[in-house]
Structure formats: C-alpha cells, structure tokens
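Let me begin by presenting the structure, written as structure tokens, before commenting on it.
The values are calculated or read from the model by the stated rules, or taken from the named source; none is laboratory data. Predicted model only: the values in this text are computed from it and were never measured. All Cβ positions, even for glycine, are placed from backbone atoms using ideal geometry, and neighbour counts span all protein chains on display.
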Amino acid sequence: MNAELAGYWMFVYGAGASLAVEVAEIVLAYDKNQPLPEKYTKFLYWTARIALAILAGGLVLAYEIKSPGSAIHIGASAPLILRALSQMRPERLQHIPETTSEESAAIGRIISPDPSGPDPRN
C-alpha cells in the first residue's frame, strides 16, 4: 500500500474511533433504558463532534502513526483527553510541581535520544 493511501486509512481509523466514543455512549443509554441525551439531537453538537473527530484523525497523521491499533487508540483518546483538560480548574494548574534539573535532563534524553544509538521508536 502506498504512503498516501496508508495515511488516509490511519486518518479514517483515528476519526472513526473518535466518533465510536459517542456511539458507545448512545448504546449505553439505550442499554440502561434511559432517554437519549438531548445533546445528541442538536445540530451544533454534531458539527462540533465531527470537527473533533477530524482533529483526532489529524493527530494520528501528525504523530505519523503507521499501525491501525495505535491510530484507533489515539483517535478514541483525543476527545477524552480534551474533555478532561477543558474541565480542569485553572487553580489546579498553579500547583503543578516544577521539575528538577536531573528530571529535565532525563526527559531530554527520552525526547532527544543519542543520535548515534538505536532508534527507540523501532
């Protein structure tokens, strides 16, 4: 499969997994014999939700994901991560501890490994 076609499918897997989160919530409501939440009847909600799915597919492309499983994982995780971040209170952000110089150096080695060594992504 050529690279463009593979990228297309990775995008589809990511965006589809993002929308699958909503499908799962709808099925859960039906399984509990609950009425369909009102948000699912709103055009603006679905417009925003589809935009979020497109962003999730874009994340898959940005991370250059090559496996369908990873694309699905990132696509499904994207809306959940963004939802959690949007609900975080600003005062909680002020209490994030600073890293020490040793921790920063360790993080730097993880992010930018020694170019002469093996590639950790393989």
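Restricting to segment 59-97, what's the tally of residues that are part of a helix (DSSP H, G or I), modelled with pLDDT under 75 and loosely packed, with under 10 Cβ neighbours inside 10 Å?
Summing the residues that are part of a helix (DSSP H, G or I), modelled with pLDDT under 75 and loosely packed, with under 10 Cβ neighbours inside 10 Å in segment 59-97 gives 5.
If I filter segment 1-44 down to residues being hydroxyl-bearing (S, T, Y) and surrounded by 10 or more Cβ atoms within 10 Å (Cβ to Cβ), which single residue comes out as nearest to G69 (Cα to Cα)?
That would be Y13.
Have a look at A3, A24 and point out the one that is closer than 19 Å to P79 by Cβ and not acidic (D, E).
Exactly one of A3, A24 is closer than 19 Å to P79 by Cβ and not acidic (D, E), namely A24.
Only residues that are out of contact with any helix residue (DSSP H, G or I) (no Cβ under 7 Å at 6 or more places or on another chain) and part of a helix (DSSP H, G or I): list them for segment 40-58, please.
Passing the criteria: T41, F43, L44, W46, T47, A48, I50, A51, G58.
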